[in-house]
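Peer 1: A single structure is presented below for examination.
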Amino acid sequence: MQGVRRPQNFEPVQVLVVGVGHLGKQHARIYSELEGVDLVGVVDTDAEKAREIGDHLGVPHFCEITPDLSGRIHAASVVTPTPAHFAVASQLVEAGISVLVEKPMTSSLDEARQLIDLAQKSEVTLQVGHIERFNPVILAAEPYIQNPVFLECDRIHPFSFRSAETSVVLDLMIHDIDNVLNIIKQPVEHLDAVGAQVLSQTEDLSYARITFANGCTAVVKSSRVAIQKSRKMRIFCTDAYISLDFVAKTGMRLSLKEGFDRDTIDFQKMASLEEAQGAYPLFTQYFDIEQLNVANEEPLRAELEAFLLAVRTGRKPEVTGEQGYQAMDIAVRIQELIQKNQDLVKARWPIERGQ
């Protein structure tokens, strides 16, 4: 196992992208545009795809990671299909190279734990690609999230054959699982989940309720059985409500006006006045409605910039291996609960059909 390789002084960060499919080619594009970064090349087992992306960006292309290639880089994005994440990332880590591994980090929790241990021994940076942490909508809301008591997340996508082999829990829901864990920052005390296969051989829709040790509850819903995309989050705090729309890139915060106490509001009086004046004018006497200032930034660019900063400085990455493991752990437990509930449903079918 080799020692960690980090750029010295003002040396550019030498980066490799492994896997240049739908998302990997975007990693390569952004690295090629960033200052202080040299995209050494792209790697893909599909030689034609590697050549196409390499030629487009004007960088070398390869079909495998050779010792000579790994000896020339400080960091790499691992954007291969999930089953190859561990083999590729561990090869790089053992060579002293920092890695950003797309979510889910690996195919299993055992592999994820092994990768975390390898990264710690090599003292390299291991960041997990939970891109929604860098979404400007969630970043705009973060300063206002105080004492959350209930969260509701909806992530609805049209069906894609590109990800049909992966459960919707690990494909889509894991984004919101990670966001919820990052917002609440409490141990998970209880899980409930249901789901179903509709168009593929894995779960296409899922519904989970996550209860935390402090009493906060999060309801997380994901589906890829839809015509239109919808991504929303609603956060209920003790003194405010925050509504986020990730597709529209908007956010709204509703809170009690400063100086007003909800216990002093005469709701009976307000109800009688509402008939004559309408609800909204009265509502705004007590509550502020604020549109959040959402920056026009590309989440993937912010994610890669954060990764490169961690590589250069050695500081803890924004999304650590442990955090990636925690999100995977909850996702796997949700999958197990869905399968258990599906088995119970299937066991009843012969009885119900015979009636």
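Peer 1: Residue 202 - would you say it is surrounded by 14 or more Cβ atoms within 10 Å (Cβ to Cβ) and over 25 Å from residue 149 (Cα atoms)?
Peer 2: So residue 202 passes the test.
Peer 1: If you don't mind, another one. Going by the structure shown, is residue 213 at pLDDT 95 or above, farther than 19 Å from residue 103 by Cα and open to solvent by less than 20 Å² (accessible area, probe 1.4 Å)?
Peer 2: Against the criterion (at pLDDT 95 or above, farther than 19 Å from residue 103 by Cα and open to solvent by less than 20 Å² (accessible area, probe 1.4 Å)), residue 213 does not qualify.
Peer 1: Return yes when residue 140 is out of contact with any helix residue (DSSP H, G or I) (no Cβ under 9 Å at 6 or more places or on another chain) and either in contact (Cβ under 8 Å) with a residue 24 or more places away in the chain or outside any loop (DSSP other than H, G, I, E, B) (or both) and no when it is not.
Peer 2: yes
Peer 1: For the range 109-141, how many residues meet the condition of being open to solvent by 40 Å² or more (accessible area, probe 1.4 Å), polar (S, T, N, Q) and closer than 20 Å to residue 292 by Cα?
Peer 2: The number of residues fulfilling the criteria is 0.
Peer 1: Here's another thing I want to ask about it. Any residue at all in the range 303-324 that's buried (at least 20 other Cβ atoms within 10 Å of the Cβ), of a type in the set (Asp, Glu), touching a Lys or Arg at 6+ places or on another chain (Cβ under 9 Å) and modelled with pLDDT of 90 or more?
Peer 2: Among the residues of the range 303-324, at least one is buried (at least 20 other Cβ atoms within 10 Å of the Cβ), of a type in the set (Asp, Glu), touching a Lys or Arg at 6+ places or on another chain (Cβ under 9 Å) and modelled with pLDDT of 90 or more, which makes the answer yes.
Peer 1: Let me ask you something else. Could you list all residues from the range 85-108 that are of a type in the set (A, V, I, L, M), out of contact with any strand residue (DSSP E or B) (no Cβ under 7 Å at 6 or more places or on another chain) and surrounded by 16 or more Cβ atoms within 10 Å (Cβ to Cβ)?
Peer 2: Scanning the range 85-108 gives a single hit, 95.
Peer 1: For the range 14-37, which residues satisfy the criterion of being over 25 Å from the mean Cα position of the chain (by Cα) and either on the phi < 0 side of the Ramachandran plot or open to solvent by less than 20 Å² (accessible area, probe 1.4 Å) (or both)?
Peer 2: The answer is 14, 35.
Peer 1: Moving to a separate point now. Quick check: anything in the range 156-167 open to solvent by less than 10 Å² (accessible area, probe 1.4 Å) and either part of a helix (DSSP H, G or I) or among the charged types (D, E, K, R) (or both)?
Peer 2: Among the residues of the range 156-167, not one is open to solvent by less than 10 Å² (accessible area, probe 1.4 Å) and either part of a helix (DSSP H, G or I) or among the charged types (D, E, K, R) (or both), which makes the answer no.
Peer 1: For the range 134-166, what are the residues that are charged (D, E, K, R), modelled with pLDDT of 95 or more and touching a His at 6+ places or on another chain (Cβ under 9 Å)?
Peer 2: 155
Peer 1: Further question: Name the pairs whose Cβ atoms lie under 6 Å apart, with the first residue in the range 291-306 and β-branched (Val, Ile, Thr) and in a helix (DSSP H, G or I), the second open to solvent by 60 Å² or more (accessible area, probe 1.4 Å) and modelled with pLDDT under 95, and 6 or more positions between them or separate chains?
Peer 2: Going by the 6 Å Cβ cut-off, there are no qualifying pairs.
Peer 1: Being of a type in the set (A, V, I, L, M), surrounded by fewer than 21 Cβ atoms within 10 Å (Cβ to Cβ) and either at pLDDT 95 or above or not in a loop (DSSP other than H, G, I, E, B) (or both), is that true of even one residue in the range 69-76?
Peer 2: yes
Peer 1: Moving on to the next point. Looking at the range 160-189 only, could you name the residues that are farther than 21 Å from residue 23 by Cα and acidic (Asp, Glu)?
Peer 2: 189
The values are calculated or read from the model by the stated rules, or taken from the named source; none is laboratory data. Note that the structure is a prediction, hence the values are computed from the model and not measured. Every residue, glycine among them, receives a Cβ derived from its backbone with ideal geometry; neighbour counts consider all protein chains shown. To get the accessible areas, we keep the full protein, side chains included, count just its heavy atoms, and leave off ligands, DNA and RNA. Shrake-Rupley method; radii C 1.70, N 1.55, O 1.52, S 1.80 Å.
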